[in-house]
Every structure is written in C-alpha cells, then in structure tokens.
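All remarks here apply to the structure that follows.
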Amino acid sequence: MVDDLNGSNQCKSQMHDWQAELTDRSLREVIEWSCQKFNGHLAFASSLGAEDQVITHVLAETAPKVRIFTLDTGRLFPEAFELIERTERRYKIKIEVYSPSSEEVESMVREHGIDLFYQSVELRKLCCGVRKLQPLKRALQGVDAWICGLRRDQAVTRQDLKVIEWDFQNDLPKISPLWNWTEKELWDYIKAHYVPYNPLHDKGFLSIGCSCCTRAVLPGEDIRAGRWWWENPEHKECGLHSRGDQFARDPFSFTGNTIKPSQS
Ligand code: SF4
C-alpha cells in the first residue's frame, strides 16, 4: 500500500504534480515510474485492444510482476479469447479473467431481455455496469493504482485526458501511459515489435468491445464510431472510464437520449 503517501487524499492532492512530472515521459518511463510509486499494488486492466497489447508488451519486458487482468463480459467476440491465449503464450504470462456475477446477469436479462442495450442508453449502461463495472471493482480490490490503454484521440469523450487522473469511481489514481499517442504511432509500434493483436482490427473494427455492441467502422468514420453505433458520440463510454461526471457518481441514474439501433 502507499503508506508513505498517507492514503487516497494525499494521492488526490498530488495529482497535479504527478501530471506535470509525467507529461513528457515516454511509455516505458511512465510504466517504470508507476511501478516504483505503487510498488506491488499496481494492476493493468487490459481490454485486449491494440493499445492494451502494446502496454502488455512493455509490462512483460519491464515489469512482469504487475497483474494484468481482463473482463470477460460474456458477450465478447471469439477472437478475444484466442488473443488471450496467444498473448499468454507469446509473453509467458497469465492474464487474469474476471466474469460478471451470474445472479446479476440472470436477473437483468429476466427483467429487461438479453439484448437490453438496444432499448435505451440507461439499459445499455445497466448492462455495462453489471458486465464490466462490477467485475472491475472486484479486480481492483487491494490495488493502489491502475493502468489502462486510453488515448486522447480515441473519442470526443477523451480529448482532455491526462497521463494520470483520479478515478472517482474506484477512488484510485488511473494511469494512461499512451494518453498522447496517435493512431499511427500505435500501429507503427505494433508492427515494429510484432505485438499480437486482434485480427478484427484488420477487418475495420478499430475499437473492439462486446460483439453485440461493436461493428466495423466505415471509411472516414471516427475510431469509436463502431461502438454503440446507435447512440450519440458523447454517450459512448461504458462507465469504466467515466471521469467525474454524473454517470461516474451513479452509473444507474444516467438519463440520455433513447435512439433505436439501425444496424449496418
Ligand atoms: S458493451 Fe454491450 S453487451 Fe457489453 S457490457 Fe456494455 S452493453 Fe453489455
């Protein structure tokens, strides 16, 4: 635990200094700093996306003891499971897989239907809450900070992302070592280092989540246009990365537009 920092209040108050300290650091340097600062109580939440695979690559080389976990929502593409296996073999690591509570999933589906997410933003966020937010909370138990693969240019909701921020939902520092990487830098790194990635990326799936909530992106569309494509862009977060907004405080009270899906 971060005894020397005297708990989360001190961490919060140091956020601005840490942001300034890390802003010009490289991916490797941010990871090394994080390992040193949160020694033994750091975890990486991988969504198995291209960004996450780059971070896994660097962690495997520089900090193999850092826990890497992913969330199996129960609605993932088969390619995601194949990628877990391939990544574990390549780096000789274990990726911890967290699943949602079967009771919560059964109760939600009984009440709202199996594909409730198409009915409204509220129900979509309920599903993300049950299948992602709750397992994330379990995965983060005992952790002092977590790493994720967010980048600024992934979405309109992430344009003011910082390299380290306070995660109000989990009351922890959240580190985004790729915060200022461009799409081109990301893929140049993947190709140069032969980083394993999801083959769906080569079929137009730029950002990949659950199979029922992800479609391929059309030429000229935003990177995350294929995620919850029936919703307005400003609503396109599952709640894992809410940043102090209304939804972050209460993921089940969000009120947004209700738009019927028009699958293409
Ligand atoms: S992405 Fe879709 S299926 Fe996956 S948890 Fe969210 S709403 Fe549910």
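Here are some notes:
- Coupling constants for the stretch 205-222 follow from the phi torsions by the Karplus curve (6.51 cos²θ - 1.76 cosθ + 1.60, θ = phi - 60°), and in residue order they are 8, 7, 10, 10, x, 5, 4, 6, 10, 9, 10, 5, 8, 7, x, x, 7, 4 Hz; glycine and proline get x.
- Built amide H within the under 5 Å cut-off of residue 164, gap 5+: 176
- Only beta bridges with both residues in the chain are counted; by DSSP, about 35 percent of them are antiparallel.
- Computed from backbone phi with θ = phi - 60° and the Karplus coefficients 6.51, -1.76 and 1.60, the 3J(HN,Hα) list for the stretch 72-87 is 8, 6, x, 10, 6, 5, x, 4, 5, 5, 5, 5, 4, 4, 5, 5 Hz; x is used for glycine and proline.
- Around the amide H of residue 145, modelled in the peptide plane, lie the amide H atoms of 43, all under 5 Å away and 5 or more residues distant in sequence or on another chain.
- With respect to the chain, whose longest principal axis is taken over its alpha-carbon atoms, helix 7-22 is tilted by about 80°.
- Global form of the stretch 3-249, assessed from the alpha-carbon gyration tensor, a/c cut-off 1.5: rounded
- Phi-based couplings in Hz for the stretch 37-48 (Karplus 6.51, -1.76, 1.60; Gly and Pro marked x): 5, 10, 2, x, 10, 10, 9, 10, 8, 9, 9, 6
- Tilt relative to the chain, helix 50-62 - C-alpha long axis, 0 to 90 degrees, to 10: 30 degrees
- The distance between label points at residue 88 and residue 39 comes to 3.1 nm (points 7 Å beyond Cα on the Cα→Cβ vector).
- Cα gyration tensor shape of the stretch 173-212, rounded if a/c is under 1.5, else prolate or oblate by comparing a/b with b/c: oblate
- Long-range HN-HN contacts of residue 76 with modeled amide H, under 5 Å: 211
Computed from the coordinates by the stated procedures, all read-outs in this text should not be read as laboratory data. Just so it is clear, the model here is predicted, and its values are computed rather than measured. Please note: Cβ atoms are built from the backbone with ideal geometry, for glycine as well, and neighbour counts cover all protein chains shown.
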